[in-house]
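Structure, as structure tokens:
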Amino acid sequence: MKVVLRNNAIFVQGSSKTLEEPWMEEFFDHHIHNTLFLDNGVLVLNNENSANQKEEFLESLGKRYAKANELSGSFYSRSLKRCKTAAVRIEVPYRKSEKVDVELYAYGPDRVKISLVTPNLWVMRYLKQQLSSLLVNSTSTDLYIDVSSSLAKARLEKTLNRREVLHFIINYRYDDAFMSRLYGNYRGWGYGNDAIDKMIRYHAIFEIPMGSAPEDLKKRYRMLARRYHPDRVQTKSPEIINKYTQKFQLLQEAYGALQAVS
């Protein structure tokens, strides 16, 4: 384990087992609502209402780091406690990504069940944190969420657009009637996993919820097409020109596909 204090943040680098230690998991569970999940780690923001738990975590962190590096435990713990208002970023070194299958079932336009085929505590934490405002009930492998409003559906779509958390690749699977139950029929659009994935990804590109009016889609497309048109960066480096060109092409692809089903 490596601990570094930098830019008013505490950086912790450890193995996957570091995240699974009881004192570490207790810290995450208590701070789940102010945790940001990254591709290679987590960032826990400061929460004044959890100051006591933060101090306990920093004391445990200091003792373990000092023991591993043959340092004075009490001195290092005191040093960390002085940074009790700092954010904590815990990074997991690169490892081969592991796929986690997650099934979604829509009971109708208002209720969705999300099930982990194989239990995974970190993916479940991510889903719970992202969908906490929609949560009706949960078990160790299942979440039941209320998506009766357009804002709730937009929140679900944003969550499903994220596919990698802590080196876990989330593979969402949908039943054949998922789209029709939740949104109504989309003319000319298939209902398989690939088709639904594209629908979610394309809407995320324009930052509009599924089922948005065609005029809203057109407005967003025009705005983003102007912003990312390659002609705007012709005097820039080839890397920037290529980035804008790829973004512009993706916008055109997404707009054409969404026009066909609107």
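Is it true that some residue in the stretch 106-128 is touching a residue at least 60 places away in the same chain (Cβ under 8 Å), among the acidic types (Asp, Glu), over 26 Å from Met24 (Cβ atoms) and surrounded by fewer than 19 Cβ atoms within 10 Å (Cβ to Cβ)? No - not one qualifying residue is present in the stretch 106-128.
Per-residue answers, yes or no, for (1) free of Cβ contacts under 8 Å to residues at least 24 places away in the same chain; (2) out of contact with any Gly (no Cβ under 9 Å at 6 or more places or on another chain); (3) not aromatic (Phe, Trp, Tyr):
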position: Leu166; (1), (2), (3): no, no, yes
position: Gly192; (1), (2), (3): yes, yes, yes
position: Arg201; (1), (2), (3): no, yes, yes
position: Pro230; (1), (2), (3): yes, yes, yes
position: Glu239; (1), (2), (3): yes, yes, yes
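Assess whether Gln259 counts as being modelled with pLDDT under 90, open to solvent by 60 Å² or more (accessible area, probe 1.4 Å), out of contact with any Ser or Thr (no Cβ under 6 Å at 6 or more places or on another chain) and part of a helix (DSSP H, G or I). For Gln259, the condition - modelled with pLDDT under 90, open to solvent by 60 Å² or more (accessible area, probe 1.4 Å), out of contact with any Ser or Thr (no Cβ under 6 Å at 6 or more places or on another chain) and part of a helix (DSSP H, G or I) - is met. For the stretch 116-153, the set of residues classified as more than 17 Å from Tyr174 (Cα to Cα) and among the aliphatic types (A, V, I, L, M) consists of Leu121, Val123, Met124, Leu131, Leu134, Leu135, Val136, Leu151, Ala152, listed by residue number. In the stretch 200-217, the count of residues that are β-branched (Val, Ile, Thr), within 15 Å of Gln249 (Cα to Cα), modelled with pLDDT under 90 and open to solvent by less than 40 Å² (accessible area, probe 1.4 Å) is one or more.
Among residues of the stretch 1-23 that are of a type in the set (Gly, Ala, Ser), those with a Cβ under 6 angstrom from a residue that is part of a strand (DSSP E or B) and open to solvent by less than 40 Å² (accessible area, probe 1.4 Å), sequence gap 6+ or separate chain, pair up as Ala9/Ala87. Of all residues in the stretch 104-114, those that are in contact with a Leu (Cβ under 8 Å, 6 or more places away or on another chain) and of a type outside the set (A, V, I, L, M, F, W, C) total 3. The residues of the stretch 32-58 that are open to solvent by less than 10 Å² (accessible area, probe 1.4 Å) and either within 20 Å of Pro93 (Cβ to Cβ) or within 16 Å of the chain's Cα centre (by Cα) (or both), listed by number, are Thr35, Gly41, Val42, Val44.
Going residue by residue through the stretch 222-234, is there one that turns out to be modelled with pLDDT under 85 and open to solvent by less than 20 Å² (accessible area, probe 1.4 Å)? Write out each step before concluding.
Looking only at the stretch 222-234, we keep the residues that are modelled with pLDDT under 85, and these are none.
For the stretch 222-234, residues modelled with pLDDT under 85 and open to solvent by less than 20 Å² (accessible area, probe 1.4 Å): absent.
The values are calculated or read from the model by the stated rules, or taken from the named source; none is laboratory data. Small disclaimer: the values here were computed from a predicted structure and weren't measured. Methodologically, a virtual Cβ is constructed for each residue, glycine included, from the backbone with ideal geometry; neighbour enumeration extends over all protein chains shown. For accessibility, only protein heavy atoms count, side chains too; no ligands or nucleic acids. Shrake-Rupley method; radii C 1.70, N 1.55, O 1.52, S 1.80 Å.
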